[in-house]
Every structure is written in C-alpha cells, then in structure tokens.
Amino acid sequence: MTAPARGQGRAEDTAAADASASSAPSGVSRRGLLGLALGAGAAGLAIGAGAGAATAAAIGRAQEAEAAASAYEFFGAHQAGITTPVQDHLHFASFDMMARTDRDDLVSLLQDWTYAAARMTKGLDVSATGAVGGSPEAPPDDTGEAQGLAASGLTITFGFGPTLFENEEGDRYGIAAQRPAQLQKLPAFLGDDLDPAHSGGDLCIQACADDPQVAVHAIRNLSRIAFGRARLRWSQLGFGRTSRTTAAQSTPRNLFGFKDGTANILGTDDAALDESVWVAASDDPSWMAGGSYLVARKIAMLVETWDRVRLTEQEAIIGRDKGPGAPLSGGDEFTEPDFDAKAKDGTPAIPVTSHVRLAHPDLNGGIRILRRGYNFVDGNNELGRLDAGLFFLSYQRSPEQFVTLQRSLSTDAMNEYIRHVGSGIWAVPPGAAPGSYVGASLF
C-alpha cells in the first residue's frame with residue numbers, strides 16, 4: 001500500500017493523525033513542542049538514479065522500488081529497520097542527553113520521538129498541523145522539506161548506549177540496574193584509529209529510506225523535538241546499501257567494487273534471526289526480549305591506494321571473483337566457499353588471509369550477524385583524497401558475536417587498505433506496542 005504524500009490532502013492527513021494518535025503516545029509533550037519551535041537543522045539531499053533492462057534482476061529491483069514507496073509499520077514485536085528490506089539511503093545520528101535532565105525528561109523524549117516517528121513512517125508530518133497547518137505567526141511544527149514526498153520505505157530505529165545507563169555523573173535516570181551486562185564499550189581492536197567525536201552516544205537513531213531527503217527530514221525533525229533534552233553528538237549519511245536482507249534484493253557492491261553481503265542473514269530466515277539476532281525471553285535482562293544489539297563502525301577505505309592494486313591481488317585479498325562475486329574456490333556468487341580447495345600451485349584457492357575466509361561462520365564457531373551497512377563519501381581530506389568508506393552496521397543477539405568476528409579479522413589482508421575511525425554500540429529495545437513508546441519495557 002502506497003503511503004500518502006506529505007502535505008497533500010490536509011483533511012486526510014489530520015484524520016490519519018488522529019488514527020496514528022490512537023496507536024502512539026498522545027501527542028508531543030510541551031518540551032517536544034518547544035523543540036519543534038526552536039530547533040534547527042541542516043538538510044542535504046542527493047538524487048538517486050537507477051534503471052535496468054527487462055531482466056529478472058530488473059524485475060526484482062522494480063519490486064524493491066514498489067516496496068520502498070510503501071509505508072512500513074512502526075509498531076510491532078521488533079523495531080523496523082532491522083529485517084526490513086535494506087533501503088538505498090541512510091541518515092544515522094547519535095545523541096547525548098543534556099546536563100541536568102532527569103528520568104521524566106528521558107521518558108518524555110522517547111514518547112515524543114515515538115509519536116513523531118510513527119507519523120513520519122506513514123508519510124505524514126511530525127504533527128497534525130505539520131509544516132503549513134499551524135499559525136502563520138509561529139514556527140511550523142515540521143520543517144517541510146518532505147512535503148509532497150511519500151514515505152519511501154522510511155524506517156526509524158532507536159537504540160540506547162552504555163552511557164545512558166551510567167556515565168561519569170553516575171546513574172542519572174535510575175536505570176543503571178537495568179543495564180544489560182553485555183552492553184559495554186567495545187574493546188580496542190588492532191588497527192583502530194577512532195575519533196572520539198565520531199564515536200559513542202547515549203542514544204542513536206537509524207533512519208533508512210529510498211529517498212535521501214526523507215531520511216534527512218526524519219533526523220532533522222527528531223533533533224528539533226529533542227531540543228533541551230538531548231543534543232546531536234555526531235551523524236553520518238550513507239548511500240548505496242552494502243548488504244541485502246531479502247532474497248529478492250540483488251547483492252550490492254562496496255566502494256572497493258566487490259559484491260558485499262552475499263551470505264547475510266535474510267529477514268525471512270526466522271530460525272537464523274532467533275539464533276543470531278533477536279534477544280530471547282530467556283536472556284538477561286528481560287526488558288530486551290525481542291530487541292537486538294547494534295554495532296556501528298565508520299571504516300575509512302584508502303581507495304586511491306586500493307585502485308593501484310592489480311586485480312588478482314584484489315581478488316586474493318577479498319577471496320572472491322570481482323565480476324560475478326563467486327568464491328575463488330569456484331561456482332557462482334551463492335556457492336559455499338570451499339576452504340580445502342587448492343589453486344594450481346598447491347596453495348589454498350581462497351587465501352588464508354582473505355576476508356571471506358576469516359569472516360566465514362565455519363571458521364568462527366558458526367557465528368553470524370545481520371549486516372545493514374552503507375557506503376559513504378564525505379568529500380575529500382586535507383591531502384585531496386576521497387574521504388570515503390563503509391559505514392558498517394550490524395545487529396546481533398549478543399555483542400560478543402561482533403567482538404569475536406572482529407578479532408578473527410586481525411590478520412585480514414584487507415586491513416592494509418582500511419581504517420576504523422568511528423565506533424559505537426547500542427541496545428536496541430523491542431518494538432513498541434500501539435499506545436506505548438519505544439523503550440517502555442525499560443521503565
């Protein structure tokens with residue numbers, strides 16, 4: 001079902017707002033309205049383009065586009081934006097709670113964010129009055145840059161960082177005892193060159209959509225709503241998904257030109273999701289049941305150096321053919337790698353330092369994670385080189401899954417061409433029930 005475009009049919013939008021209000025906290029709090037009135041943000045847009053021949057792959061992409069134009073349900077057992085078909089664009093944002101805020105401030109912020117997110121994912125403005133329906137003598141509730149745009153498959157996912165539960169100031173919100181034991185700052189990994197200004201955060205929001213302006217609009221307005229309670233710590237724009245979560249999606253390529261995410265967990269694989277992604281009711285703490293743990297890593301890719309590497313060496317580093325994406329042991333893209341296969345010279349067909357080999361579940365005790373990463377290009381650096389790379393996002397039932405895999409990659413030949421420059425971990429609570437808000441189980 002295609003979502004209504006924002007700003008079209010104000011009466012219909014208002015009726016939809018009433019329906020939305022029945023399945024979300026009742027409106028925005030007074031402080032939330034203050035944020036709408038006084039906040040400000042910067043929006044950027046990119047224009048996506050795509051076309052394809054009349055092939056099976058093109059049909060699959062057309063199906064993806066149709067799904068992206070529709071609205072995904074915000075409420076449910078799990079938060080949207082995890083197993084949802086990966087959209088084309090990302091705006092990720094990390095927030096810190098403001099000094100001298102209390103438990104009521106945190107709860108009201110989550111309620112206000114839930115109310116606004118439930119509307120925006122339906123293709124509506126953040127409130128019933130929206131961008132143009134309020135008093136002309138007051139700042140509008142909605143920034144308005146998404147007027148006339150459909151929901152574009154927008155999903156908004158919220159997470160809680162370790163410092164939300166306890167930081168140097170102590171237990172600010174009376175929730176330290178509810179902190180998951182596994183929710184700890186990630187350990188240092190070989191090759192880390194992390195920028196503290198682009199790492200961590202009390203709260204995070206992942207906004208994904210197939211229209212970049214819709215994703216930016218979501219973060220911009222949620223930042224305004226947070227005024228006086230939380231401030232933006234850092235954010236990241238992403239484009240060109242680097243994984244897939246449905247069988248219908250084609251496998252994308254990363255900025256090194258290789259297919260990425262071929263063996264990713266799919267959103268229809270309930271057994272794998274239960275085993276590797278969703279926190280179980282038997283796990284501790286109980287309020288996280290149905291949730292997951294999110295790891296974000298900003299990985300700079302030294303693309304100019306990589307571009308001077310001969311093709312055979314690139315393929316040996318990755319462990320796959322650069323064209324069709326087949327493992328170097330043979331077959332097609334979806335053929336399982338054969339790590340016992342030998343090359344003509346008797347060496348392993350898939351080198352022992354290749355990324356595919358070191359990251360494979362067979363060599364990591366069966367560990368799997370669900371990836372939702374994106375490419376990024378943030379202009380150029382002071383040396384005139386592209387500031388580009390992978391904004392890696394993964395969901396897992398336990399952070400230990402990511403830690404184990406990352407340590408396995410310490411001998412990855414690809415490490416010569418990448419640098420981990422940003423990092424964060426968040427507990428992603430289960431989805432909100434209609435009439436409630438994200439994170440209610442924590443309180």
For this session: Tally the residues that are touching a residue at least 60 places away in the same chain (Cβ under 8 Å) and surrounded by fewer than 17 Cβ atoms within 10 Å (Cβ to Cβ), restricting the search to the range 145-166.
Result: 2
For this session: Select, from Asp88, Asp142, the only residue that is among the charged types (D, E, K, R), surrounded by 23 or more Cβ atoms within 10 Å (Cβ to Cβ) and within 24 Å of Arg233 (Cβ to Cβ).
Result: Asp142
Exercise. What residue, among those in the range 361-393 that are of a type in the set (A, V, I, L, M), surrounded by fewer than 21 Cβ atoms within 10 Å (Cβ to Cβ) and not in a loop (DSSP other than H, G, I, E, B), is modelled with the lowest pLDDT?
Worked result: Leu363
Problem set entry | Qualifying residues in the range 287-315 (those that are touching a residue at least 40 places away in the same chain (Cβ under 8 Å) and of a type in the set (S, T, N, Q)) - the one farthest from Pro430 (Cα to Cα) | Thr305
Exercise. If you check Ala316 against the conditions, is it more than 28 Å from Gln184 (Cβ to Cβ) and not acidic (Asp, Glu)?
Worked result: yes
Exercise. Regarding Asp192, is this residue in contact (Cβ under 8 Å) with a residue 60 or more places away in the chain, surrounded by fewer than 19 Cβ atoms within 10 Å (Cβ to Cβ) and within 25 Å of Leu237 (Cα to Cα)?
Worked result: yes
For this session: Would you mind finding the one in Gly159, Gly130 that is part of a strand (DSSP E or B) and either touching a helix residue (DSSP H, G or I) at 6+ places or on another chain (Cβ under 8 Å) or not aromatic (Phe, Trp, Tyr) (or both)?
Result: Gly159
Exercise. Looking only at residues in the range 124-146 that are in contact with a Gly (Cβ under 7 Å, 6 or more places away or on another chain) and among the acidic types (Asp, Glu), which one is nearest to Glu73 (Cα to Cα)?
Worked result: Asp142
For this session: Could you check, for the range 128-137, whether at least one of its residues is under 20 Å from Leu203 (Cα atoms) and either among the polar types (S, T, N, Q) or surrounded by 19 or more Cβ atoms within 10 Å (Cβ to Cβ) (or both)?
Result: no
Problem set entry | Qualifying position, being modelled with pLDDT of 95 or more, of a type in the set (S, T, N, Q) and more than 30 Å from Ala272 (Cβ to Cβ), among Thr163, Thr121, Thr83, Thr155 | Thr163
For this session: Run down Leu124, Leu106 and say which single residue is crowded, with 24+ Cβ neighbours inside 10 Å, over 23 Å from Asp210 (Cβ atoms) and hydrophobic (A, V, I, L, M, F, W, C).
Result: Leu106
Problem set entry | Residue match in the range 413-421 (condition: surrounded by fewer than 21 Cβ atoms within 10 Å (Cβ to Cβ), of a type in the set (S, T, N, Q), in contact (Cβ under 8 Å) with a residue 60 or more places away in the chain and closer than 26 Å to Gly257 by Cα) | yes
Exercise. Can you tell me which residue in the range 213-229 is surrounded by the most Cβ atoms within 10 Å (Cβ to Cβ), limited to those that are closer than 14 Å to Gly144 by Cα, in contact with a helix residue (DSSP H, G or I) (Cβ under 6 Å, 6 or more places away or on another chain) and among the aliphatic types (A, V, I, L, M)?
Worked result: Leu222
Exercise. Can you tell me which residues in the range 338-352 are under 17 Å from Thr411 (Cβ atoms) and buried (at least 16 other Cβ atoms within 10 Å of the Cβ)?
Worked result: Phe339, Pro348, Ile350, Pro351
Problem set entry | Tally, over the range 167-189, of residues that are surrounded by fewer than 18 Cβ atoms within 10 Å (Cβ to Cβ), in a loop (DSSP other than H, G, I, E, B) and over 24 Å from the mean Cα position of the chain (by Cα) | 4
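The values are calculated or read from the model by the stated rules, or taken from the named source; none is laboratory data. Just so it is clear, the structure is predicted and the values come from calculations on it, not from any experiment. We place every Cβ from the backbone using ideal geometry, glycine too, and count neighbours over all the protein chains shown.
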